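What follows is one structure encoded as structure tokens, with my remarks underneath.
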Amino acid sequence: MMRLFLLLTGVLLFSACGYTLRGNTRVFFEQNEIRTLYVAPVENDSYKAGVEITVYNALRKRIAQGGYVRVVDQKALADAEIRAKVIQAGYSPSGITTADQLAPVQTGPSNIQIASAYNVTLNISFELEEFKKKKVLWQDSLSRQKSFSASTYLGALGTTSALINESDFERTLSDLSAGIVMDAEESMNSIF
């Protein structure tokens, strides 16, 4: 009897706070009668070639996983279109050390500064247009940052350092893309 009382009390408190369990429907999409969505190729206004493909794949995957709309391959089959543009994708040193702190310097100056960590910035703008009303229903610009350790800091000195740093940059961009796309989906679905 006590368990039933606690269960009912918990359900009433839980529902009174406005929390609900979210299934595969979204009020925003239902209200605007959007059942199919076309994900446009992502534009790239940054200097990082290929980041648009990473963002496009993350966006398409995230929306398809939601199950509240069907992602279609042709614009003519869609009720709406989501567009994205990469505004900024780059990295810069965020931690500096000197050559003598990384390894014993045999020749050359020991006080040469070397990056020990990099900070990656990714900024993307989004826009959702509904076709029947020919109206932009939602738009947002999102930015995220994340750091990674430089290969020189890991003791991988030599000619491969730049390649390792670039590989870490790509991996970090992929992580940031997934995070920004998730934030964009939440931003879109919070409108109701």
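The residues of region 81-93 that are surrounded by fewer than 19 Cβ atoms within 10 Å (Cβ to Cβ) and over 19 Å from Val136 (Cβ atoms), listed by number, are Gln88, Gly90, Ser92, Pro93. Name the single residue that is modelled with the lowest pLDDT among those in region 3-26 being in a helix (DSSP H, G or I) and among the polar types (S, T, N, Q). Here the answer is Ser15.
Out of the residues in region 27-77 that are of a type in the set (Ser, Thr, Tyr) and in a strand (DSSP E or B), state the one that is nearest to Glu127 (Cα to Cα). So, considering only residues that are of a type in the set (Ser, Thr, Tyr) and in a strand (DSSP E or B), the one nearest to Glu127 (Cα to Cα) is Tyr38. Scan region 70-78 and give yes if some residue there is within 16 Å of the chain's Cα centre (by Cα) and modelled with pLDDT of 95 or more, otherwise no. No, there is no match, as no residue in region 70-78 is within 16 Å of the chain's Cα centre (by Cα) and modelled with pLDDT of 95 or more. Scanning region 58-80 for residues that are touching a residue at least 24 places away in the same chain (Cβ under 8 Å), surrounded by 16 or more Cβ atoms within 10 Å (Cβ to Cβ) and not hydrophobic (A, V, I, L, M, F, W, C) returns Arg62, Gly66, Tyr68, Asp79.
What residue, among those in region 143-164 that are touching a Phe, Trp or Tyr at 6+ places or on another chain (Cβ under 7 Å) and surrounded by 15 or more Cβ atoms within 10 Å (Cβ to Cβ), is modelled with the highest pLDDT? Here the residue is Phe148.
Sub-6 Å Cβ pairs linking a first residue in region 121-135 that is under 18 Å from Lys48 (Cβ atoms) to a second residue that is part of a loop (DSSP other than H, G, I, E, B), at least 6 apart or interchain, number zero.
The values are calculated or read from the model by the stated rules, or taken from the named source; none is laboratory data. Since we're looking at a predicted model, the values are computed, not measured. Every residue, glycine as well, gets a Cβ built from its backbone with ideal geometry; the counts of neighbours run over all protein chains shown.
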